[in-house]
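Worksheet: one structure, shown below.
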Amino acid sequence: LLPDVPDQRMPAAEREVYCAFISDMHVGSSLFLEKAFMRFLRWLKGDLGTEKQAELAGRIKYLIIGGDLVDGVGVYPAQERDLSIPDVYVQYAYAAKLIAEIPDHVEVLLIPGNHDATRQSLPQPAIPAEFAGPVYEARGLYSLGNPSEVRLEGILFLLYHGRSLDDIIGSVSGLGSDRVENAMESLLRSRHLAPRYGAETPFAPEREDRLVVETPPDVFHCGHIHVAAHGRYRGRVLLNSGCWLAETPFQGAVGIRPTPGIVPLLNMRSGNVEMLAFS
Ligand SMILES: [Fe+2]
């Protein structure tokens, strides 16, 4: 049974401000595309691009980081071979240096992914200060759990790293990593963020199922698949923020073509989405 979501138009923010979405930097991996990420940070600070692009950067009020800030350690067998920073504390300290570059006019919201140092079972608590402390000291930010619901400028956002997208893509015919927005759409139609039990997505046995999508969001943001995408379902904005990691041998073997360095930008007044490329 697919409960589905009703049609709804995204409410318009009262001011012309933008929200930028990133995820899956995987800091500490030898495949982290630091140069591209530095270009993004320079643009955000108004130091890169045309005058018009710099003006657009100045209108970014929110930056949402959808998980997998670091590559982590022990996430998969023999991961140490793929790491340029083999210590998770040093990975977060390095990430903190990058986060510190985000200009003050931007509010930052961070949720964890399956590579971050927090409980793996969904829902994931925010990354503990024991690990991400340097990031929290680098600048003010909101560190939230995965998933999280937030309201910004009157718009309801559902932020979810997206681990179960693997399960959905692998089990529903017609879905592929090249059309992530369709997989996100099926989560909304299921009104559940991990509707398949017993596959890749671990759940915490809690009394209340907090993966139910009680109130359908205006904007649904995921990462995890490493393929940037945007779409719309019944008036709701679907966004996947791609990654900052080059193609891994594993992705090559399973046929996933990542699209690194692409940042979806949401105009919070018009609801329009632009995809900016920094690769
Ligand atoms: Fe992930």
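The values are calculated or read from the model by the stated rules, or taken from the named source; none is laboratory data. In this text the structure is predicted, and so the values were computed from the model without any measurement. Please note: Cβ atoms are built from the backbone with ideal geometry, for glycine as well, and neighbour counts cover all protein chains shown. In case anyone asks, the SASA skips ligands and DNA or RNA and just uses the protein heavy atoms, side chains included. Shrake-Rupley method; radii C 1.70, N 1.55, O 1.52, S 1.80 Å.
Here are the numbers for this structure:
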item	result
Principal semi-axes in Å for the stretch 33-189 [√(5λ), Cα gyration tensor, largest first]	26, 22, 17
Antiparallel %, DSSP beta bridges [both residues in the chain], to 5	50
Share of alpha-carbon pairs per 10 Å distance bin for the stretch 102-193, given as whole %	15, 38, 32, 14, 1
13 Å beta-carbon shell around His221, net charge (K/R +1, D/E -1)	-3
Electrostatic dipole magnitude of the chain [Cβ: Lys, Arg +1; Asp, Glu -1; Cα centre; debye, to 20]	500
Ordering of 1-11, 217-227 by burial proxy (mean other Cβ atoms within 10 Å per residue, highest first)	217-227, 1-11
Cα gyration tensor shape of the chain, rounded if a/c is under 1.5, else prolate or oblate by comparing a/b with b/c	rounded
Straight-distance crosslink candidates among aspartates and glutamates, where the alpha carbon sits under 12 Å from Lys45 and sequence neighbours closer than 8 are dropped	Glu55, Glu101, Asp104
Cut-off 14 Å between beta-carbons: net charge of the residues surrounding Glu80, Lys and Arg +1, Asp and Glu -1	-2
Accessible surface, 1.4 Å probe, highest first, among residues Lys97, Lys45, Lys61, Lys52	Lys52, Lys97, Lys45, Lys61
Portion, in percent, of the accessible area of the chain that falls on carbon or sulfur, probe 1.4 Å	50
Most to least accessible of Phe250, Phe278 (protein chains only, probe 1.4 Å)	Phe250, Phe278
From phi via Karplus (6.51, -1.76, 1.60), per-residue ³J(HN,Hα) for the stretch 189-196 in Hz, x at Gly/Pro	5, 6, 6, 8, 7, 9, x, 9
Charge dipole magnitude, Cβ of K and R +1, D and E -1 - the stretch 1-44, Cα centre, debye nearest 20	320
Rounded to 5, the percent of DSSP beta bridges in the stretch 17-163 classed as antiparallel	35
Relative contact order (%) - criterion: Cα under 8 Å, at least six apart; region: the chain	25
Antiparallel bridge percentage (DSSP; both residues within the stretch 152-279; nearest 5)	60
Calculated on alpha-carbon atoms, Rg and Dmax of the stretch 195-256 in Å	15.1, 40
P(r) weight above 22 Å for the stretch 150-279, C-alpha pairs, percent	37
Dimensionless Rg ratio for the stretch 228-267, taking C-alpha atoms and the 2.2 N^0.38 Å reference	1.41
